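This report concerns only the one structure given below.
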Amino acid sequence: MTSPLPSSPLPSSPSPASVLGLAPVVPVVVVTDAADAVPLARALVAGGLPAIEVTLRTPAGLEAIRAIAAEVEGSVVGAGTVLTPAQVGECVAAGARFLVSPGWTDALLTAMQASGVPFLPGVSTASEVVALLERGVTEMKFFPAQAAGGTAFLRSLAGPLPRARFCPTGGIGPVNAPEYLALPNVVCVGGTWMVPQDAIEARGWARIEGLAREAAALRA
């Protein structure tokens with residue numbers, strides 16, 4: 001994840017070389033109606049969470065990424081649940097400025113490395129971490145975090161694999177997020193608690209902004 005981010009249609013949007021340091025929490029967003037994407041993203045950015053992972057779990061995912069990239073100033077929108085090399089190209093073309101996968105294969109990793117944008121391949125074992133380090137990748141998604149060993153697992157990796165940096169996702173909420181963020185090899189966490197589905201369906205953007213603000217303050 002050392003490649004610079006591509007230029008954004010919005011000149012004032014941040015352009016970091018890595019997505020990990022933008023905020024302590026990366027919202028993992030599932031959009032079922034692309035019309036919700038822009039107000040939802042604006043609420044998250046206003047709350048202090050500029051890096052937004054929009055998953056490809058629904059048909060609206062790509063359209064949501066395209067809309068956020070074009071219309072939401074200050075956002076750094078990424079694509080999550082990227083599973084194939086073809087999706088890598090589609091997401092970057094739609095305006096995704098980082099990529100996240102729940103796991104990785106050689107073909108997927110090669111496509112991500114060639115994409116020109118930062119990426120977080122998913123890992124859940126020490127062997128997967130070593131394999132990525134061997135390929136020059138030091139920033140990873142730890143998934144599913146709670147089910148795969150949680151903070152105890154990550155703590156055990158810090159000694160033998162100090163170069164690896166993680167964004168744990170899966171089973172993380174406001175109660176246990178600080179435990180993860182306190183680890184030396186965790187830079188941020190991913191989660192959905194600041195974008196509850198009932199709030200999205202009710203267009204409760206003020207509520208989402210408030211939850212985002214609380215999440216952004218977790219590091220402090």
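With the requirement that a residue be in a loop (DSSP other than H, G, I, E, B), among the small types (G, A, S) and closer than 20 Å to A51 by Cβ, what does the stretch 119-152 give you? Spell out the reasoning first.
Here is the first cut: in the stretch 119-152, the residues in a loop (DSSP other than H, G, I, E, B) are 121, 124-125, 135-138, 143-149.
Still in the list and also among the small types (G, A, S): 124, 136, 145, 147-149.
Across the stretch 119-152, the qualifying residue is only A145.
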- Task: Output the qualifying pairs, or none if there are none: Cβ atoms under 8 angstrom, residues six or more apart or on different chains, first residue in the stretch 188-209 and within 16 Å of V26 (Cβ to Cβ), second residue buried (at least 16 other Cβ atoms within 10 Å of the Cβ) and of a type in the set (S, T, N, Q).
- Result: V189/T169; G190/T169; G191/T169
- Which residue pairs have Cβ atoms closer than 7 Å, lie 6 or more positions apart in sequence or on different chains, and pair a first residue in the stretch 109-122 that is of a type in the set (S, T, N, Q) with a second residue that is in a helix (DSSP H, G or I)? S115/V88; S115/V92
- Task: Kindly indicate whether any position in the stretch 31-39 is under 14 Å from G95 (Cα atoms) and at pLDDT 95 or above.
- Result: yes
- The condition of being under 23 Å from V30 (Cα atoms), touching a Phe, Trp or Tyr at 6+ places or on another chain (Cβ under 8 Å) and in contact (Cβ under 8 Å) with a residue 40 or more places away in the chain holds, among P168, P174, only for P174
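Of all residues in the stretch 41-73, which are among the hydrophobic types (A, V, I, L, M, F, W, C), out of contact with any strand residue (DSSP E or B) (no Cβ under 7 Å at 6 or more places or on another chain) and over 18 Å from V88 (Cα atoms)? Please lay out each step first, then the result.
Filtering the stretch 41-73 for residues among the hydrophobic types (A, V, I, L, M, F, W, C) gives 41, 43-46, 49, 51-52, 54, 56, 60, 62, 64-65, 67-70, 72.
Filter once more, keeping what is out of contact with any strand residue (DSSP E or B) (no Cβ under 7 Å at 6 or more places or on another chain): 43, 45-46, 60, 62, 67, 70, 72.
If the condition is that a residue be among the hydrophobic types (A, V, I, L, M, F, W, C), out of contact with any strand residue (DSSP E or B) (no Cβ under 7 Å at 6 or more places or on another chain) and over 18 Å from V88 (Cα atoms), then A43, V45, A46, A70, V72 are the ones that fit.
Looking at this structure, is E179 within 18 Å of P50 (Cα to Cα) and out of contact with any Cys (no Cβ under 7 Å at 6 or more places or on another chain)?
On the way: within 18 Å of P50 (Cα to Cα): no; out of contact with any Cys (no Cβ under 7 Å at 6 or more places or on another chain): yes.
When the stated conditions are applied, E179 does not pass them.
Being touching a Ser or Thr at 6+ places or on another chain (Cβ under 9 Å) and farther than 27 Å from A37 by Cα narrows it down to one of L109, L99, L120, L133, so name that one. Talk me through it step by step, then tell me what you get.
Working: L99 fails: farther than 27 Å from A37 by Cα; L120 fails: farther than 27 Å from A37 by Cα; L133 fails: touching a Ser or Thr at 6+ places or on another chain (Cβ under 9 Å).
Result: L109 is the single residue among L109, L99, L120, L133 that is touching a Ser or Thr at 6+ places or on another chain (Cβ under 9 Å) and farther than 27 Å from A37 by Cα.
The values are calculated or read from the model by the stated rules, or taken from the named source; none is laboratory data. Model, not experiment: these values are computed from the prediction. Methodologically, a virtual Cβ is constructed for each residue, glycine included, from the backbone with ideal geometry; neighbour enumeration extends over all protein chains shown.
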